[in-house]
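The values are calculated or read from the model by the stated rules, or taken from the named source; none is laboratory data. Because the structure is predicted, anything quoted here is derived from the model rather than measured. Glycine also receives a Cβ, built like all others from the backbone with ideal geometry; neighbour counts cover every protein chain displayed.
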Amino acid sequence: MPLEVVFAYLEPKETVYRIPCGQGPPGYFYRSFYFSGAGSTIIDEYHPNAQSLFDIASPTQAAEYVMYFDIVLSGEQGNKQFVITKDQYDRWAEQCIKEEDNNKTSAVKELTVTSLGDSYDVQLNFVSGSFEYRHYVVNRNGTIERLAEEALGHCGFAI
C-alpha cells in the first residue's frame, strides 16, 4: 500500500504518496506520485523543478521542500540525518572530518534560511555515509536551484 506523505509545514495542492518499487544497499527505493484530475502523476524525482506542487510562502516551507524534494527524492534514497543545530554540527564534524580533511568546514553550522524577496536562500548540512554541506535557492513557485554542495568528510560508520 502506498504511504501518504505528511509534511510539517508544506501545504500540498495534491496529496503526495510514496510506494516502494525496489530494494538496494541503502534499503527500499520509493516512487512518489499524486492524483490530479482523472489519473495519477509520478513525481519526477530527478528533476524536481518540473513540478509545481507547492507554493513556498515561508522559510520553514522552503527548508522542508529542500530536505524532501531535492535531497530525499533526487536519487539520494536512504536514511538521512539532517544537522540542524550547531551542537549537532560539531558532533558530526568531530566524527566525520579526519585530520587530512581538517581544513574542510561548512559555510554554516546550522540550518539557515534567508528571505530574498521572491525566493529563499537555504543552507544546511546532512549525513548519509558522507558529511555534506548544501546551498540552495528556492523560489516561491517551488523551483529549486542548487548553488553549492561540498563533501566535508566521510561517515561510513554513521546511519
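The table for this structure:
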| item | result |
| --- | --- |
| Subset tally (residues that are closer than 16 Å to residue 66 by Cα and either free of Cβ contacts under 8 Å to residues at least 12 places away in the same chain or within 16 Å of the chain's Cα centre (by Cα) (or both)) for the stretch 115-147 | 23 |
| Residue that is nearest to residue 98 (Cα to Cα), among those in the stretch 115-143 that are β-branched (Val, Ile, Thr) and in contact with a Phe, Trp or Tyr (Cβ under 6 Å, 6 or more places away or on another chain) | 127 |
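Okay, residues lined up against (1) part of a helix (DSSP H, G or I); (2) at pLDDT 70 or above:
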{"site": "21", "(1), (2)": "no, yes"}
{"site": "28", "(1), (2)": "no, no"}
{"site": "35", "(1), (2)": "no, yes"}
{"site": "44", "(1), (2)": "no, no"}
{"site": "54", "(1), (2)": "no, yes"}
{"site": "61", "(1), (2)": "yes, yes"}
{"site": "66", "(1), (2)": "yes, yes"}
{"site": "71", "(1), (2)": "yes, no"}
{"site": "78", "(1), (2)": "no, no"}
